[in-house]
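Since the structure comes first, as structure tokens, the remarks are kept for the end.
The values are calculated or read from the model by the stated rules, or taken from the named source; none is laboratory data. What you are looking at is a predicted structure, and each value in this text was computed from that prediction instead of being measured. Here the Cβ positions follow ideal geometry from the backbone for every residue, glycine too, while neighbour counts run over all protein chains shown.
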Amino acid sequence: MEKQISNFIRALRSADVRVSTGEALDAARTVAMIGYDDRAMMRDSLACVLAKSESEKQIHDRLFELYFSSAPAGSAAQSAGAENEGEPGEDPKDAAERLSQLTQQGNEQALATAIERAAEQAGLNDIRFSTQVAYFAQSMVRAMGGEQLQARLLEALQGRTPDADAEAQRLIDVRRTLTMTARERAERAFQIFGAAETEKFRDEVAATKRLSAIEANDMARMKQLVAKVAKRLAVKHSRRRKRTQRGLLDVRRTMRANAGVDGIPFNVIWRQKKKDRPKIIVICDVSGSVALYVRFLLLLLFSMKEAIPDLHAFAFSYRLKSVDDILETMEFDAAIKKILREIGLGSTSYGQAFSDFKMEHENKIDRRTTIIILGDGRSNYGDPRLDLFRDFAGRAKRVIWLNPEGRALWGTGDSVIPRYEPFCAQMSHVATLKDLEKAIDEVLTAYS
Amino acid sequence: MAKNTKTGYEPMTSIEAITAGLDTVGYISISQISTAVFLAHGLRKPILIEGPAGVGKTDLAASLSKWLNLPLIRLQCYEGLDEGKALYEWKYGKQLLYTQILKEKLNELLGGAETLKDSLSKLSGFEDLFFSPQFLEARPLLHAMQQDRGSVLLIDEIDKSDEAFEAFLLEVLSDYQVTVPEIGTIKANVPPLVILTSNNVRELGDALKRRCLHLHIGFPDHEREQRIVRARVDGISDTLLNQLVRFVQSVRETDIKKRPSIAETVDWARTLLLLHASTLDEAFVRDTLNVLLKHESDIAAVSPAIGKMVREATGPDARGRLASGYPDMG
């Protein structure tokens, strides 16, 4: 049983549930305490010990069903182990006889046991990709003595008598049953050990894919990924906001803390430096090609509300508008659609957008603010209003420009990116979710 | 596991015993909850309970203490909570007062000393006097360690405390011992049964989660909610109970900011009982909806559908008939 548990924990780990050694030990103790007669109880108990969040619990319960649905009782596997089988020296006739016995009605338990043992010999738990199912199924059949069965089958086929034909037909059926059972088992092993691995691989691919090339059917996956990234960043940056500065005495607080001891400074309190809470203003160009990126940037930022309590979003193509209300009141996809529909029209003008911002929202910028601008800086040969931009940059903590265009294109045609660049603390090319994560990480790190 | 015969944890012999025991003090448990409690006792690990507000997280601790007849020691977390408030403090005032009172005595004792060195060596014999358990103010964590028969330690809303406090808690929770530099290590003879609750205001650290058993309590299903309300509200009729629970369950399915939890259901049931409602009707619901929903926007969102929801809740329903078959315990 311990082996079962440790294999189960391996499956959990491969499904991205982090299980520490201590927890594995706890799991073993739990099973010893609860027993494994009552499956529901065992599932609840193990979930309690191994899963550390609601989503992990769901993964746990799903794997539990998959994993323990088939595992034969440990004792059965051992008692049947005495039979000799699948060894190269075994007589083909015996092997064929043994295998056909297994596939007969009423021998399901024995077959299951043999399959489990073959699975172990074939190292089935190492399965990672669905393409390996056939290979592992074959290895399992071989481990059970498939080669001898094959030899016997060939022999029977050469007999050319009605008896031999019948025999051959029977052996073909045996082989088919065995292969199918082995396949089913391999399929399930893939579900347990491999499916999560494949998902991880797909996630990896999606995170490094150009955001503009994400297809509609990958959107759900991307949303989950963005949520993961947001959580990671939020955890990293919502650390405590105080830092003790040793050496500078906080006289007022020290006196108060020691009032009870006649003001004799037993407890010395040092001045603390408070970190600023991040305050972000994001201005997005929602015209044409950039629109595809806006969705992800906003999704990411608005999923991190706990780390960035002070967040304002603006969108423009010709005129600039605040989109906080839309994003806060509507469901995200609908909100983005509405933003693109209402604001995404008209020819892009960075100059007009900046002057709109100056008129109505300039007072939102203070020395704690980071301004993030998402856009390609293609302003249709209009006045870029560098004077305004310089002014914003001077008032704000930093200005970060995220550009979905490759660096080689900057400054070509109507792109005025190079003229804005001197005022930006950073100007980076953002094409994938990874880039986005890195950029936002840097923005938030500047506050610590 | 060998058990000390003197502990108050005796009744927790099995998962069923816990469910039944909690039932006697009016806490309607489910197998996941009882299992977690059983394991917490067996593995000596704290339980971390997550879930929406008002589903009985805090109440589990209170009910356990009531059932086991053990003291409930509660530590409410908030931003800025530190060791001094959670673990122990020296009674400065008392120490000061005593030194003043004993001043003369000290003078007498030290009077004979010729040199500074002499008086210092004399004094060193007494110094522990003022840093002894007598002057130690035990705060909840230390208090919980000192209980002879064990205790239920409730660390409420751990997510509201700072990360520094969370880290400090790790030591206490893994060894069930605290170190007071002047006195030494105080170890719990019988470790407390620790219950932490979190409303997910912030993400808890992995280290803390790893030391705890994780339990998520969600909204109850129809049957359990009925039983809970029946246990909490005396004299409620079967019809009204069934209807109001069905109504609340359907409100939870609507898209609102703050979904009503068990606490609200119980309050609402009490309100309706005070108003002598025998069945649910639309006017009653409209007048008392503010008990159930705490946001103006939520009330506005549900209002248009009230008529329909009340009709559904009072109409025939397979689920309702099934659940009303329970004997009246109130």
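Descriptive notes on the structure:
- Scanning region B:160-207 for residues that are out of contact with any Phe, Trp or Tyr (no Cβ under 9 Å at 6 or more places or on another chain), within 23 Å of A:His237 (Cα to Cα) and in a helix (DSSP H, G or I) yields B:Glu163, B:Ala164, B:Phe165, B:Glu166, B:Ala167, B:Phe168, B:Leu169, B:Leu170, B:Asp206, B:Ala207.
- Checking each residue in region A:327-352 for being under 26 Å from A:Met304 (Cα atoms) and touching a strand residue (DSSP E or B) at 6+ places or on another chain (Cβ under 9 Å) picks out A:Leu327, A:Ile339, A:Leu340, A:Glu342, A:Ile343, A:Gly344.
- Residue in region B:90-98 that is under 28 Å from the mean Cα position of the chain (by Cα), surrounded by 12 or more Cβ atoms within 10 Å (Cβ to Cβ) and within 13 Å of chain A (Cβ to nearest Cβ) present: yes
Table: residues versus (1) over 21 Å from A:Met33 (Cβ atoms); (2) part of a helix (DSSP H, G or I).
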position	(1), (2)
B:Ser34	no, yes
B:Ile49	no, no
B:Leu60	no, yes
B:Leu70	yes, no
B:Leu75	yes, no
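- Residue check, A:Ile214 of a type in the set (Val, Ile, Thr), away from chain B (no Cβ under 14 Å) and farther than 19 Å from A:Ile59 by Cα: yes
- Flag for B:Ala207 being over 20 Å from the mean Cα position of the chain (by Cα), within 14 Å of chain A (Cβ to nearest Cβ) and not β-branched (Val, Ile, Thr): yes
- The set of residues in region B:38-47 that are touching a residue at least 60 places away in the same chain (Cβ under 8 Å) and either under 18 Å from B:Tyr27 (Cβ atoms) or part of a helix (DSSP H, G or I) (or both) comprises B:Leu39, B:Ala40, B:His41, B:Leu43, B:Ile47.
- Here region A:1-52 is the region considered, the condition is being more than 8 Å from every other protein chain (Cβ to nearest Cβ) and among the hydroxyl-bearing types (Ser, Thr, Tyr), and the residue that is nearest to B:Thr35 (Cα to Cα) is A:Tyr36.
- Residue within region B:237-255 that is out of contact with any Pro (no Cβ under 6 Å at 6 or more places or on another chain), crowded, with 16+ Cβ neighbours inside 10 Å and not in a helix (DSSP H, G or I) present: no
- The set of residues in region A:425-447 being assigned to a helix (DSSP H, G or I) and among the hydroxyl-bearing types (Ser, Thr, Tyr) consists of A:Thr445 alone.
- Counted residues, region B:80-116 - those being touching a residue at least 40 places away in the same chain (Cβ under 8 Å) and not in a loop (DSSP other than H, G, I, E, B): 9
- Flag if B:Lys45 is of a type in the set (Lys, Arg) and within 14 Å of chain A (Cβ to nearest Cβ): yes
- Each residue in region A:383-403 was checked for being among the hydrophobic types (A, V, I, L, M, F, W, C) and part of a loop (DSSP other than H, G, I, E, B), and 1 of them qualify.
- Hits in region A:363-410 - residues which are among the acidic types (Asp, Glu) and surrounded by fewer than 19 Cβ atoms within 10 Å (Cβ to Cβ): A:Asp366, A:Asp383, A:Asp387, A:Asp391
For (1) at pLDDT below 85; (2) more than 14 Å from chain A (Cβ to nearest Cβ); (3) buried (at least 20 other Cβ atoms within 10 Å of the Cβ), each residue gets a yes or a no:
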| site | (1), (2), (3) |
| --- | --- |
| B:Leu193 | no, yes, yes |
| B:Ser198 | no, no, yes |
| B:Val201 | yes, no, no |
| B:Cys212 | no, no, yes |
| B:Leu215 | no, no, yes |
| B:Glu225 | no, yes, yes |
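- Failed item, numbered, when B:Ser303 is tested on (1) exposed (fewer than 14 other Cβ atoms within 10 Å of the Cβ); (2) in contact (Cβ under 8 Å) with a residue 60 or more places away in the chain: (2)
- Elements of type helices (runs of 4 or more DSSP H) in region A:256-364, at least 2 residues being in contact (Cβ under 8 Å) with a residue 24 or more places away in the chain and either within 14 Å of another protein chain (Cβ to nearest Cβ) or over 27 Å from the mean Cα position of the chain (by Cα) (or both): A:332-343, A:350-361
- Only one entry in B:Phe165, B:Phe130 is buried (at least 17 other Cβ atoms within 10 Å of the Cβ), within 14 Å of another protein chain (Cβ to nearest Cβ) and over 30 Å from B:Lys57 (Cα atoms), namely B:Phe130.
- Output for region A:17-42, where each listed residue is surrounded by 15 or more Cβ atoms within 10 Å (Cβ to Cβ), assigned to a helix (DSSP H, G or I) and in contact with a Lys or Arg (Cβ under 9 Å, 6 or more places away or on another chain): A:Glu23, A:Asp26
- Residue tally, condition within 24 Å of B:Phe168 (Cα to Cα) and of a type in the set (Ser, Thr, Tyr), over region B:31-83: 2
- Here A:Val416 fulfils each of the conditions (1) in contact with a strand residue (DSSP E or B) (Cβ under 7 Å, 6 or more places away or on another chain); (2) under 21 Å from A:Ser317 (Cβ atoms) apart from (1).
- Total residues in region A:53-65, condition within 9 Å of chain B (Cβ to nearest Cβ), touching a residue at least 12 places away in the same chain (Cβ under 8 Å) and surrounded by fewer than 20 Cβ atoms within 10 Å (Cβ to Cβ): 0
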